[in-house]
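**Q** The following block contains the structure, expressed as structure tokens.
The values are calculated or read from the model by the stated rules, or taken from the named source; none is laboratory data. Only a predicted model underlies this, so the values are computations on that prediction, with no experimental measurement involved. Note: ideal-geometry Cβ built from the backbone for every residue, glycine included; neighbour counts use all protein chains shown. The area values use the complete protein model at the heavy-atom level, side chains included, leaving out ligands, DNA and RNA. Shrake-Rupley method; radii C 1.70, N 1.55, O 1.52, S 1.80 Å.
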Amino acid sequence: MAAIPRPIVSVHGEDVDVEIPGLLTLRATYLSEGLFDEWAGGDPDEEDLYEVEVTHARDALLSPILFSRLLPASPKSWLDDEDEGLGGPEPLPMERFALALAWSLANAHPSNWAALCQAARGWDPWTLEDTLLRIPPEWTPEPLLPDED
């Protein structure tokens, strides 16, 4: 099996893009804050709503896969952590989700992507962490120069 190319991750405000060159692009667009999933039983108190779009680089999908996803709210202070000398900002919850989903999609045939995306809509924190732990250390995002994002 061919190695999966390293992802290119870019974060613009609260929008997150993950590209696996030659394979897929995952774009998570921030839509709204302060929503509450009543099925979550009050944890977390607030969530951010995103629209996630998955496209195949070589048109293996008839159309992009679109779905919405609620994730724990991202305080704006998360974006300011690099100013505090902590070695860079903490990844947004959507950045972690997008990287885990991109890894899962990269390891599946495109005919299974819609089912994977449907399942990812309901990933709980344990499933997300388990997926992130299975990503090999060498599959880290390509670093971007400041003018490349």
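**Q** Among the numbered criteria (1) touching a Leu at 6+ places or on another chain (Cβ under 7 Å); (2) in a strand (DSSP E or B); (3) at pLDDT below 95, which one does P89 miss?
**A** P89 satisfies all of (1) touching a Leu at 6+ places or on another chain (Cβ under 7 Å); (2) in a strand (DSSP E or B); (3) at pLDDT below 95 except (2).
**Q** Something else now. Which residues, taken from region 45-70, are surrounded by 15 or more Cβ atoms within 10 Å (Cβ to Cβ), farther than 15 Å from Q118 by Cα and modelled with pLDDT under 90?
**A** E47, D48, L49
**Q** Follow-up. When both residues are 6+ apart or on different chains and their Cβ atoms are under 8 Å apart, which pairs have a first residue that lies in region 124-135 and is touching a residue at least 12 places away in the same chain (Cβ under 8 Å), and a second that is surrounded by 12 or more Cβ atoms within 10 Å (Cβ to Cβ) and outside any helix (DSSP H, G or I)?
**A** T131/W123
**Q** Still on this structure, please answer the following. Within region 121-132, does at least one residue satisfy the condition of being within 14 Å of the chain's Cα centre (by Cα), among the small types (G, A, S) and open to solvent by 30 Å² or more (accessible area, probe 1.4 Å)?
**A** Yes: one or more hits.
**Q** Which is among the small types (G, A, S), modelled with pLDDT under 85 and surrounded by 11 or more Cβ atoms within 10 Å (Cβ to Cβ), of S74, S104? Don't jump to the end; show me each part of the working.
**A** Working: S104 fails: modelled with pLDDT under 85.
Result of the check over S74, S104: S74.
**Q** For D81, only one of the following conditions fails: (1) open to solvent by less than 50 Å² (accessible area, probe 1.4 Å); (2) part of a helix (DSSP H, G or I); (3) modelled with pLDDT of 90 or more. What is its number?
**A** The one condition D81 does not meet is (3).
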